[in-house]
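Student: To start, I am sharing the structure in question, which I have written as structure tokens.
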Amino acid sequence: MYVTINDVIKIDSFKGVEVIAGETGLARRVSNVFFMEVPDIFSYIDEHGLLLTTLYPVADKPEEIDALIPKLAEMNIAGIAVKPGRYVAEIPASMIEQANKYGIPLMKLPDDANLSILSNQILTKLLDVRTSVLEFRNKMHQQLLDLLLEGADLNRFVHSIAKLIDAPVLLLNTELECIASSINTEQKEIKVLHQSNHLEHYSRKTNNLTVQINDHAYEKNDIFIQSIYAGESEFGYLVILLEKETNITENLIVAVEQASFLVAFLFQTEQSLLQKERNHLNSFVRDIFNDQYTSQTEVMEKAKVFKWKLSFPLVILSIKTNIKESEKKLSIYYRMLDSGLIERMISEILDIPIQNCKLTYYNDSLICFISFTSEKRLKENLQQLGETIISRFGKNSHLGISISDTVDSISQIREHYSNSTLVYNIYKESLEHESFVHFYEDIGLFRLFHYIEDSSILEKFVTEKLGSVIEYDERKDANLLETLRYYIKNNTNLQKTADDMFVHYNTMRYRMNKLKELGIDVKSGFELTDISVAYQLYHYLKTQKK
């Protein structure tokens, strides 16, 4: 709890005090008392202060009297108590008008009022309340600490907090998903709606947040929020649901603040355990990719340790971001991992149990193994899954999603993971401009190139077909190779090629003549096919060198 102007005027020595203006501010908080002994009082007072004065320093300065309350309002003063008679006959009408305008209580003290006695009694009241709050804080801390020492989990903590403050409590993660609640979710449905994922630190200023419990909606002044921090890490929010017209007391603030510290500790503990589990999972996946397991049954059994129902057939889905900075990149990946949303998306879109998929961080990307039960509409569903992931997580960076062919046994996992990596390497340049979802089965001739181990054979073919053009482009900083690509793409339509490259038709004719001079015969269908293959091979070799 805290002291308000209403509390102050109920003190015995304030019985003769008359509130003459600013009655709408009687609930203003009082945290200290100040005397006005100099004109420039503003340097000596703080917000929530109650100012006692005879107006002596400004009694003969009407302009300073007129400026007094507006300046005090900017400082969020609690109220003003004026003792007229000796220096001003009456409280100026301008002060009464301004007090009503700003909602600052203006009190008239009686002739026999002793400012020192009034001040002492207010300070005594403040001290009593502060002592009460400290006692409550210690009691609250001890009760919550006992729960922590008993090994209580987040759900029990939330129920205990709700009981202590006598109000429903929700625990939200940073994605504003409810992960624990004092409300029986089997009987009541909870929906948290918000336009963004940022809430203000324990504040009622959450106009965009609504909590729907069945048909009852809590919003604006019905909600009190405390952010849960540990160092610079934010773990989520404690949300208190208040009944209409319920005041936020200092005890409530203290209780929620104390609870947030210990909930942050629980979050840190769970996160530490989760990170250890992830490290073990990463080692397990690394061993699979490095052919450390020969028994498929052994791998499937060991996967159960990680609550992973590994079975075949499966597909490997790889997710990479275009962010270069390591810290930001890891932040994006771990936000995706921590949310648990990707696994739920897979379960819903592919209609499989959530244990049939496992997401992990590996080799600077996220890798997801998806064991499916039916191939009906599989590719269509995987495409939808990739687009849903991009829609949900691709707002702050572009995401490249590569999907392997079907893996039928443990012996194929390494190869198919390599295939998904190839898909990313082929399309990664486009990731600077947009996100993508691509399948290994759709990369055409690149699949054949991938199985030719002697790259010198491939390089020789490229040199025979395109060597002169590549050399000319490098020497003249020309664009003939790209021109050739567009020309083939547009089925040798010269006008369409010029339009796509945003150049004049005559410029395109000049480039085609130059290609002819360099030995490129675009009139021969067989030769054009070889050139097309050579171009794709050139692009493939570039991806392998990066």
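The values are calculated or read from the model by the stated rules, or taken from the named source; none is laboratory data. What you see is a predicted model; the values in this text were computed from it and never measured. Please note: Cβ atoms are built from the backbone with ideal geometry, for glycine as well, and neighbour counts cover all protein chains shown.
Student: Could you please let me know if residue 496 is over 18 Å from residue 539 (Cα atoms) and basic (Lys, Arg)?
Tutor: So residue 496 passes the test.
Student: Return the residues of the stretch 482-518 that are of a type in the set (Asp, Glu) and within 52 Å of the chain's Cα centre (by Cα); say none if nothing qualifies.
Tutor: 482, 499, 500, listed by residue number.
Student: State the number of residues belonging to the stretch 275-288 that are surrounded by 15 or more Cβ atoms within 10 Å (Cβ to Cβ) and either assigned by TED's automatic domain parsing to the domain that holds residue 358 or at pLDDT 90 or above (or both).
Tutor: The total comes to 5.
Student: Would you mind stating whether residue 128 is at pLDDT 80 or above, out of contact with any Cys (no Cβ under 8 Å at 6 or more places or on another chain), within 30 Å of residue 20 (Cβ to Cβ) and not hydroxyl-bearing (Ser, Thr, Tyr)?
Tutor: Criteria not met by residue 128.
Student: Looking at the stretch 289-321, which of its residues are within 33 Å of the chain's Cα centre (by Cα) and under 16 Å from residue 370 (Cβ atoms)?
Tutor: Hits for the stretch 289-321 are 303, 306, 307, 308, 309, 310, 314, 315, 316, 317, 318, 319.
Student: Check the stretch 7-18 and report whether any residue there is without any contact (Cβ under 8 Å) to a residue 12 or more places away in the chain, under 24 Å from residue 253 (Cβ atoms), assigned to a loop (DSSP other than H, G, I, E, B) and not hydroxyl-bearing (Ser, Thr, Tyr).
Tutor: Scanning the stretch 7-18, I find at least one residue that is without any contact (Cβ under 8 Å) to a residue 12 or more places away in the chain, under 24 Å from residue 253 (Cβ atoms), assigned to a loop (DSSP other than H, G, I, E, B) and not hydroxyl-bearing (Ser, Thr, Tyr), so the answer is yes.
Student: I would also like to ask the following. Evaluate the following for residue 401: is it within 26 Å of residue 305 (Cβ to Cβ), among the hydrophobic types (A, V, I, L, M, F, W, C), surrounded by 15 or more Cβ atoms within 10 Å (Cβ to Cβ) and modelled with pLDDT of 90 or more?
Tutor: Criteria not met by residue 401.
Student: When the stretch 328-360 is examined, which residues are found to be surrounded by fewer than 16 Cβ atoms within 10 Å (Cβ to Cβ) and part of a loop (DSSP other than H, G, I, E, B)?
Tutor: Passing the criteria: 340, 351, 353.
Student: From 281, 310, grab the single residue that is within 11 Å of residue 367 (Cβ to Cβ) and touching a strand residue (DSSP E or B) at 6+ places or on another chain (Cβ under 9 Å).
Tutor: Within the list 281, 310, the selection yields 281.
Student: Residues that are in contact (Cβ under 8 Å) with a residue 24 or more places away in the chain, at least 2 per element: which helices (runs of 4 or more DSSP H) completely within the stretch 465-538 meet that?
Tutor: Where helices (runs of 4 or more DSSP H) fall fully within the stretch 465-538 and carry at least 2 residues being in contact (Cβ under 8 Å) with a residue 24 or more places away in the chain, they are 480-489, 505-517.
Student: Could you list, in sequence order, the residues of the stretch 1-55 that are under 25 Å from residue 165 (Cβ atoms) and out of contact with any helix residue (DSSP H, G or I) (no Cβ under 9 Å at 6 or more places or on another chain)?
Tutor: Residues satisfying the conditions are 4, 6, 48.
Student: Condition (residue is more than 14 Å from residue 431 (Cα to Cα), at pLDDT below 90 and surrounded by fewer than 18 Cβ atoms within 10 Å (Cβ to Cβ)) applied to the stretch 365-374: is it met by at least one residue?
Tutor: yes
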